[in-house]
Amino acid sequence: MSLAIPVGKDDHVLGPADAPVTLVEYGDYECPACGAAHPMVKAILKRLGAKLRFVFRNMPLNEIHPNAELAAEAAEAAAAQGKFWEMHDALYEHQDELGPDLVMILAKRLRLDMSRFEEDLVSRRFCDRVKRDFMGGVRSGVNGTPTFFIDGVRYDGTLDEQSLEAVLRQIIAQRA
């Protein structure tokens, strides 16, 4: 399968646009496998630096993770205040406590404008944004989380740090 929606200006991106390789993750903040993948991706990003562009897209699996939608919308509300990646990391780092109380605690820690943040959550301002990510995942054949795409092609290899990094390094070497 390939990525149905190309990486664009509305995506949450770490790394340069001209990086030799792009890794896209469809993730769910309440998914244990996504929680396990989070430090792995951070470590790979650190080691590969400007050679890797990383994109995160929301894929909340609400049927099995009742707080996933809230977390995704909280991350988007934080993004509206310039703090997507900080909220993203904090949600994964406190995944075992995920819920409405935690979201508010994290927003306060990140020094977000709380009235704006709360209004964004209550009004579900970012519901459509999360749904757009989700539907892009469905159109790309995502049926579980985490699902990764490397340069638009679904990665179905072993999901461990060493294997994923080896594939990314191989692509980078081919383009050097």
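Longer than 21 Å from Cα to Cα, which of Lys42/Lys83; Lys42/Lys108; Lys9/Lys51; Lys9/Lys131; Lys51/Lys83 are they? Say none if no pair is. In this structure, Lys42/Lys108; Lys51/Lys83 exceed 21 Å between Cα atoms. Taking a ≥ b ≥ c as the square roots of the eigenvalues of the Cα gyration tensor, region 28-113 is oblate, since a/c reaches 1.5 or more and a/b is not larger than b/c. Under 5 Å between amide hydrogens, built in the peptide plane, is the criterion, and for Thr147 it picks out Tyr26 among residues at least 5 positions away or on other chains.
Think of the chain as a dipole: +1 on every Lys or Arg Cβ, -1 on every Asp or Glu Cβ, centred on the Cα centre; then among Thr22, Gln95, Asn67, Thr22 lies furthest on the positive end. For Lys108, Lys83, Lys51, the ranking by accessible surface with the largest value first comes to Lys108, Lys51, Lys83, using a 1.4 Å probe.
Considering only Ala79, Leu121, Val41, the residue lying farthest towards the positive end of the dipole of region 29-140 is Val41, judged by Cα position with unit charges set on Cβ. Measuring from each cysteine beta-carbon in the chain, the ones with no other cysteine beta-carbon under 4.7 angstrom are Cys127. Count Lys and Arg as plus one, Asp and Glu as minus one, and take only other residues whose Cβ is under 14 Å from that of Arg139; the net charge is then +3. Between the amide H of Val21 and those of Arg53, distances stay under 5 Å, these residues lying 5 or more places away or on another chain, with hydrogens modeled in the peptide plane.
Ranked by solvent-accessible area (1.4 Å probe, protein heavy atoms only, all chains present), the residues Glu25, Glu97, Glu63, Glu69 order from largest to smallest as Glu63, Glu97, Glu69, Glu25.
Taking each residue as 0.36 nm, the span from Ser123 to Asp96 lengthens on full extension beyond its C-alpha to C-alpha distance by 7.1 nm.
Charge dipole (Cα centre; +1 on Lys/Arg Cβ, -1 on Asp/Glu Cβ; no other charges) of the chain amounts to roughly 700 debye. Name the shape class, rounded, prolate or oblate, that the alpha-carbon gyration tensor gives for region 18-75, where a ≥ b ≥ c are the square roots of its eigenvalues, rounded holds for a/c under 1.5, and otherwise prolate holds if a/b is larger than b/c and oblate otherwise. It comes out prolate by the Cα gyration axes. Shape analysis of region 132-176 places it in the oblate category; the axes a ≥ b ≥ c from the Cα gyration tensor give an a/c of at least 1.5, with a/b not above b/c.
How high is the relative contact order of region 45-176, in percent, counting Cα pairs under 8 Å that sit 6 or more residues apart?
24 percent
Of the trypsin sites (Lys or Arg not before Pro) in region 129-176, the ones in a loop by DSSP (not H, G, I, E or B) with at most 12 other beta carbons within 10 Å are Arg175. Taking every protein chain into account, the accessible area of region 63-176 amounts to 53 square angstrom per residue (probe 1.4 Å).
Return the whole-Å distance between the Cα centroid of region 157-176 and the Cα centroid of region 29-50. Here the answer is 14 Å between Cα centres. Secondary structure note: in the chain, about 60% of the DSSP beta bridges are antiparallel.
Computed over the Cα atoms of the chain, the ratio of the radius of gyration to the Kirkwood radius (Rg/Rh) comes to 0.96. Positive contributions from Lys and Arg (+1) and negative ones from Asp and Glu (-1), summed over other residues with Cβ under 12 Å from the Cβ of Asp89, come out at +1. Across the accessible surface of the chain, with the other protein chains kept in place and a 1.4 Å probe, carbon and sulfur atoms take up 52 percent.
The values are calculated or read from the model by the stated rules, or taken from the named source; none is laboratory data. Note that the structure is a prediction, hence the values are computed from the model and not measured. Note that each Cβ is placed from the backbone with ideal geometry, even for glycine, and that neighbours are counted across all protein chains shown. The accessibility values were calculated without ligands, DNA or RNA, using every heavy atom of the protein model including side chains. Shrake-Rupley method; radii C 1.70, N 1.55, O 1.52, S 1.80 Å.
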